[in-house]
Every structure is written in structure tokens, then in C-alpha cells.
Amino acid sequence: MRNIYDLTIEELEEYFLSIGEKKFKAIQLFVWLYQKKIKDFSEITDIKKSVIERLKIDFTIGKINLIKVERDIEVNKYLFELTDKSLIESVLMRHDYGTSICVSSQVGCNMGCKFCESGRLKKVRDLLPSEIIEQILKVEEDIGEKITHVVIMGIGEPFDNYENVTNFIKIINNPKGLSIGSRHITLSTSGIVPKILKFADFPYQVNLAISLHAPNNEIRNKIMPINKVYPIEKIMDALKIYYSKTKRRITFEYIMLDGINDSKDNAEELVKLLKGINCYVNLIPYNETNNIEYKRSKKEKIDKFYDIIKKNNLNVTIRREFGTNISAACGQLRSKREDI
Ligand code: SF4
């Protein structure tokens, strides 16, 4: 039986037409699902009984289970179990501008980034739109407030699950759905070039972030194997096309790894690479884990790196640190649980 959260509003309209009902019922149902947050179709009061009975036969509402939460002042980390017993994670962060959630898009990940705890588990499967949406619904239920920002940056490479992730975006962005503004949604990719080009034509004003993490191919090949398939120059060419079509500023994520990518030369090379691109650089102090040998760059080195980029008039920030006490680096909660 399908999960109702998997359907976009257009797919629901088609469904209602296919059972001989008017398509506007899709809007009514979206309001019940995402604004009134019903758990059972019987709670619906403005759709006739026979249709509700049919919905019960054709669909379930929600399937994932929250099995663990680690809480800190500014960040909560959630572990979910899916129907096939796979584990996925989400992270909630509180900011002065609202609450953001970092959602997973796959069980495991095939990109194999060397610094990433999630990459240690090869991809088992893609997540369905419903399984990504439910991460938001369950966390909203837990905190009793609305999530305002969504980053698709948890476990998985979202562009390796393109259809489901873009359907997820359509559903959460819909004003009758969760109504999360497209400018409040960020998709982060390790740089899958054909999908960057496809995403340039996706008609939603969603932010794109590139997990760059290195200023040249030599370093990037070592820490991100996907770079051998889509090297930096190919990513940059794709981004030029993406920008010419969308006019949207691009974010570059850069994890600061001690002795690997954090020298003065690296900063200068990064500046050269990004000069002239309408972008924003996000320096991320690395969250060390027991299973991976990389260390976090020293604070002075991060500050110096930041200064060089700033001096060259690129937009840059150092990401505020979230949850180093509670395994908030992606994949850490799942891996801790599986080690038990
Ligand atoms: S950093 Fe992202 S893309 Fe790379 S292995 Fe981890 S989850 Fe996959």
C-alpha cells in the first residue's frame, strides 16, 4: 500500500480523477495532511465517507518510527527506523531566524567521502518522498513548533535520488502542504554534474550548495572519490550554466580538515577558483569521529583561512558549531547505535 505522503498535489489530483472525484479534493486532503496533521483518514470532516473509505484502502499515513533523540540547547539529533528496519538521521538546529532541519535522502551513501561517517555505509536504498517528509513531521511534533528551513544535507547524495528528492521539495513547498518557502530550502550535492544541469531547469527557487571541500583536484580526489568522475572544472562549467539559468547564488561548503585543505595556499587557490562567481563560502569546522582519522583544523588556521577569503571580497562565514557533544556530524548517531 502506498504512503499518502509520497504523492505530489498533481499526483493526488490524478488519483481523485481516477476514482471519479473532483481534483480539488487533493487540496483539501493536503490541508488535512500537512496543516491539520491528521494521523487517520477518519479525522477528515469535509470529504464524503465513501471517499474516505477508499483512501483507507489505497493508502497509509506515515510509516517511520522515531527511536532515539539526543538533545542539546541549540540542536537535537533524531534517529528513525524505517519499515525495513533501516536507520536514518535528522538534525534540528535552532537559529535566531528560525528552526532548520537537516534531512537524510538515502539509507547509506555511495559517494564514499573519506571524512564522512555516513559514507562508511554503502547505499542500501533511496528514501521515498514520504520518508524524507516524515522526518520533518516527526520533528515538528517532537518540538511542538513549525520548522522554517530545510537542508537536504544529511545521509545520502540527494542527486543520486533525484526524482524522490525533487518530489519531496514540491510537496513541502506547496502552500497547502508544509508551505516551506523555496528560498528556505537548500539542497547540497557532492557535485553530480548531469544533475546540476537538470536542476538548473527545476522550476523552484531552491538554494544549491556544493560540497567542495578542496581547492584543487589533487586534494579533492583524495577526500572525495566522486571527484574522479566529476572533477572541479566540470562542476564549475555546470555551475556557470546553472547560474545563467537561475541567477541564484551558489553556496560552497568547505569542511576544514587539519593539514589536508586548510593552508594559506589552499585559501588562495580557493579564492582564484571562486573569483567572479556569485557565491557564498561556508567554512565548516570538522566534527571528529572515532572511526575516521581526520582531525579538525585549529581555530587559528580556520580564522586565517577565513581572513584570506574575506579580504578577497568573497562572501564567507564560519559555520557555528552544532552538537559536537551529541554526535551531530552526519551518520554518527546511526553508527553509534550499530556499534552497540
Ligand atoms: S558527505 Fe554526503 S555525499 Fe559524501 S559520503 Fe557523506 S553523505 Fe555521502
Cα pair distances in region 223-291, grouped into 10 Å bins until the bin that holds the longest one, percent each: 16, 46, 32, 7, 0
Spelling out what I want: for every residue of region 153-170, take phi, set θ = phi - 60°, compute 6.51 cos²θ - 1.76 cosθ + 1.60 (Karplus), and round to whole Hz; glycine and proline get x. 8, x, 5, x, 9, x, 6, 8, 9, 4, 5, 5, 5, 6, 5, 4, 4, 4
For the N110, D58 Cβ pair and Förster radius 35 Å, calculated FRET efficiency rounded to 0.05 is 0.60
Using 1/(1 + (r/R0)^6) with R0 = 45 angstrom and r between the beta carbons of K299 and Y204, what's the FRET efficiency to the nearest 0.05? 0.75
Inter-part gap, Cα centre of region 236-299 to Cα centre of region 60-103, in whole angstrom, is 26
Find how much the distance from K240 to T45 grows on full extension, using 0.36 nm per residue of separation minus their present alpha carbon separation; answer in nm with one decimal. 65.2 nm
In square nanometres, what is one fourth of the surface area of the convex hull spanned by the alpha carbons of region 133-251? 7.7
Estimated dipole of the chain in Debye, rounded to 20 [Cβ of Lys and Arg +1, of Asp and Glu -1, Cα centre]: 540
Can you tell me the mean projection area, over all orientations, of the convex hull of the chain's alpha carbons? Units nm², please. 17.3
Output the Cα-based Rg and Dmax of region 266-310 in Å, rounding Rg to one decimal and Dmax to a whole number. 12.6, 39
Candidate lysines for bridging to K63, where Cα separation is under 16 Å - those fewer than 8 sequence places away on the same chain excluded: K37, K39, K85, K138
Determine the distance separating the Cα centre of region 29-46 from the Cα centre of region 134-210; give it in Å without decimals. 23
From the mean inverse distance of alpha carbon pairs (Kirkwood) and the Cα radius of gyration, derive Rg over Rh for region 1-67. 0.94
Inter-label distance, nm, simple model (7 Å from Cα along the C-beta direction), D84/K37: 2.9
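Every read-out reported here was derived from the displayed coordinates using simple, explicitly stated rules and does not represent laboratory data. These numbers were taken from a predicted model, which means no experiment stands behind them. Using ideal geometry, Cβ is built from the backbone for each residue, glycine included, and neighbour counts are taken over all protein chains shown.
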